[in-house]
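The values are calculated or read from the model by the stated rules, or taken from the named source; none is laboratory data. Since the model is a prediction, treat every value here as computed from it, not as a measurement. For neighbour counting, all protein chains shown are included, and Cβ atoms are generated from backbone atoms with ideal geometry for every residue, glycine included. Protein only, heavy atoms only, side chains kept; ligands, DNA and RNA dropped before computing areas. Shrake-Rupley method; radii C 1.70, N 1.55, O 1.52, S 1.80 Å.
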Amino acid sequence: MLASLNLCSVLENYCYSKKLSDKELDFLERCWLDSLNTFHYNRYPNIAPAIVCDQAGIQRGSYWITCNAAILDRLRPVGTGKTRRARVFDALCESGLAVNS
C-alpha cells in the first residue's frame, strides 16, 4: 500500500481525515529524513496548498517539506533537540530559500 503513496497524498488525506496510521507516520518520517538528506539537490521545493499549510499550523505558501515537519512535530514530537520544523528551516536558510529574521 505505501509503495503507491507520496508525501502530498498522505498529507492531503490527513487534512480531511485528521488521522494517520503508524505506517503513514513512518512514511512521513522517512520523507522528512530524505528531504533533509537530499535537500541540497532539490533547490526548488514545491509549495503546499493552503489547506495543508492551515492544517500544519504554518503560513500559507509554505513548502511541503515544512508542512510535513510541522505535522510530524505535532503528532510524533522529537524527544530532545531541535524540532523537525526548526531543522528544515535551518536547511532552507542555508540554501537561501528562507531568511532568518
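Scanning the range 77-96 for residues that are in contact (Cβ under 8 Å) with a residue 24 or more places away in the chain and loosely packed, with under 15 Cβ neighbours inside 10 Å returns a single hit, 95. In the condition set (1) modelled with pLDDT of 95 or more; (2) open to solvent by 20 Å² or more (accessible area, probe 1.4 Å); (3) in contact with a Lys or Arg (Cβ under 8 Å, 6 or more places away or on another chain), residue 72 is compliant with all but (2).
Taking the criterion of being open to solvent by 40 Å² or more (accessible area, probe 1.4 Å), modelled with pLDDT under 95 and over 12 Å from the mean Cα position of the chain (by Cα), the residues of the range 24-56 that qualify are 37, 38, 40, 41, 42, 43, 44. In summary, residue 59 fulfils each of the numbered conditions (1) surrounded by 13 or more Cβ atoms within 10 Å (Cβ to Cβ); (2) out of contact with any Ser or Thr (no Cβ under 6 Å at 6 or more places or on another chain) with the single exception of condition (1).
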